[in-house]
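Q: Got a structure here, written out as structure tokens. Questions coming.
The values are calculated or read from the model by the stated rules, or taken from the named source; none is laboratory data. Since the model is a prediction, treat every value here as computed from it, not as a measurement. Counting neighbours? That spans all protein chains shown, and the Cβs are built from the backbone with ideal geometry, glycine included. Areas reflect the complete protein model, heavy atoms only, side chains present, ligands, DNA and RNA absent. Shrake-Rupley method; radii C 1.70, N 1.55, O 1.52, S 1.80 Å.
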Amino acid sequence: MYTQALDSPGKDPVAATGEAAERFQARVDADEKIEPKDWMPEAYRQTLIRQISQHAHSEIVGMLPEGNWITRAPSLRRKAVLIAKVQDEGGHGMYLYSAAETLGVSRAQMVEQLLSGAAKYSSIFNYPTLTWADVGAIGWLVDGAAIMNQVPICRCSYGPYARAMVRICREESFHQRQGFEIMMTLARGGAAQKAMAQDALDRWWWPSVMMFGPSDADSKHTAQSMRWKIKRFSNDELRQKFIDVTVPQAHFLGLTLPDAHLRLDEVSGHYEIGPIDWSEFHAVLKGNGPCNRERLEARRAAHAAGEWVREAAAAHARKLEDRAATAQHQERGSP
Ligand code: BYC
């Protein structure tokens, strides 16, 4: 996949050395922002392209599970809110593709990597949305996890990524609240509604915990990404923050987390969870989650159906260029 550039033989781009590399690291250490035209190690650029494009793909694929419920939202208000949320996710994808483009990769290349299955997107979006409560659980847990992960990225060393994240995080915070509000309505409703909320929590809890990525011991990119201040916290640190914030919220809702080992460690003040089933995470990453094929098929179909729009936009752009060139020519030719 496109991270292969990091492994090119004969070069060790991760350990970029020399005066430029030292100056670069000093700027990062001083919390200066790195901008597109600044010198940067090739591995830094590739790491950002990998992470930002994966992030953009996640936003775009993330529209699918919730989009599935737009036609079946239980009221006009819920429908309007859900449409706005799904549209926000599309917007986040666009900001992020634009941020990645500043690193010299084209949107067409990134989209091709997604559609061919070469690029990853978040594991969480390979699970189905079976009931309306899943829309609540996604907002509460998935957007909640996203906020935990993404707020520190507002301080990422790469300027365009950091700036894109500021607006995205504000919107994610609305999304989280709308999800929690759906869960609260269901949890305070009749027995069937409460059971629906509990069932959604049962199915979304562990995949949300896994969203933060492999444990620190198995995370191959964390150490370098933290040195470059692309990541400010490790996967396990962010996972723990998410758990500590979310468990009391589940208690407030009167719901039970699907983890018999869950306990509050009175000394550290942190919740301890049971073992994570990493075999499930790796299966999803390999393309064998419950909805991987369906998600990629939906994106491929959408891309093919949009071909005429891309062609029309390109033809229109060419027409505008021709008109501008003709006008310039006439201006020069006129006395
Ligand atoms: N799913 O060394 P590691 C959203 C991959 S959008 C799939 O820890 P890194 C939202 C990782 O890419 C949510 N793959 O890597 C949208 C790497 O593979 P490669 C997305 C995962 O990059 C709509 C390998 O595992 N958020 O929130 O240091 C509606 C080793 O991992 C996952 C972002 O993308 C996963 N869960 O850390 C609602 C945020 N985890 O590329 C919500 C930005 C790991 O070497 N991204 N992998 O083949 C990040 O913060 C980091 O990239 C990660 C992974 C924490 C995800």
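Q: Grab the Cα-Cα distance for Leu262 and Ser116, subtract it from 0.36 nm times how many residues apart they are, and report the gain in nm with one decimal.
A: Stretched out fully, the Leu262 to Ser116 stretch lengthens by 48.6 nm.
Q: Follow-up question, since we're still on this one. Round to a whole number: what % of the accessible area of the range 159-209 belongs to carbon and sulfur, probe 1.4 Å? Mind dumping the intermediate values first?
A: On the way: 1320 of 2220 Å².
Answer for the range 159-209 is 59 percent, counting heavy atoms of protein chains only.
Q: May I ask you to derive the FRET efficiency for His251 and Ser98 from their Cβ-Cβ distance with R0 = 35 Å, giving the value to the nearest 0.05?
A: The computed FRET efficiency comes out at 0.30.
Q: Using 0.36 nm per residue of separation minus the Cα-Cα distance, give me the extension gain between Arg72 and Ser279 in nm, one decimal.
A: Working: separation 207, 0.36 × 207 = 74.52 nm, distance 3.35 nm.
Full-extension gain reported as 71.2 nm.
Q: Something else about it: For the range 86-130, just say rounded, prolate or oblate: build the C-alpha gyration tensor, square-root its eigenvalues into a ≥ b ≥ c, call rounded for a/c under 1.5, and beyond that prolate if a/b exceeds b/c, oblate if not.
A: It is oblate, given that a/c is not under 1.5 and a/b is not larger than b/c.
Q: Right, next: Could you give the length gained on full extension between Arg188 and Lys37, defined as 0.36 nm per residue of separation minus the Cα-Cα distance, in nm? Could the numbers behind the result be given before it?
A: Values: separation 151, 0.36 × 151 = 54.36 nm, distance 5.38 nm.
Contour length minus Cα-Cα distance gives 49.0 nm.
Q: Using a cut-off of under 18 Å, list every residue of the range 62-91 whose amide N is near the label point 7 Å from the Cα of Phe174 along the Cα-to-beta-carbon line.
A: Output list for this probe position: 63, 66-67, 70, 76-91.
Q: Now a separate question. Based on DSSP H runs of at least 4 residues, each adding -39500 (n - 2.57), what is the mean residue ellipticity at 222 nm of the chain after dividing by all its residues, to the nearest 500 deg cm²/dmol?
A: Mean residue ellipticity at 222 nm (helix-derived): -20000 deg cm²/dmol.
Q: When a/c reaches 1.5 or more, the comparison of a/b and b/c decides; with that in mind, is the range 86-167 rounded, prolate or oblate per its Cα gyration tensor?
A: Oblate is the answer for the range 86-167, as a/c is 1.5 or above yet b/c matches or exceeds a/b.
Q: Work out the FRET efficiency for His316 and Arg167 from their Cβ-Cβ distance, taking R0 = 22 Å, and round it to the nearest 0.05.
A: 0.20
Q: Among rounded, prolate and oblate, which fits the chain when a ≥ b ≥ c are the square roots of the eigenvalues of its C-alpha gyration tensor, a/c under 1.5 means rounded, and a/b larger than b/c means prolate?
A: oblate
Q: Just the number please: accessible area per residue for the chain, 1.4 Å probe, all protein chains included, in Å². Provide the component values of the computation, followed by the final result.
A: Values: 16970 Å² over 335 residues.
Accessible area per residue: 51 Å².
Q: Now for a different question. For the pairs Lys79/Lys231; Lys79/Lys319; Lys194/Lys229; Lys194/Lys231; Lys37/Lys220; Lys120/Lys194, flag any whose C-alpha to C-alpha distance is greater than 31 Å.
A: Check vs 31 Å cut-off fails for Lys79/Lys231; Lys79/Lys319; Lys194/Lys229; Lys194/Lys231; Lys120/Lys194.
Q: Please build a GNM for the chain, connecting alpha carbons under 10 Å apart, and tell me which residue among Ala200, Ala223, Ala133 fluctuates the most.
A: Ala223
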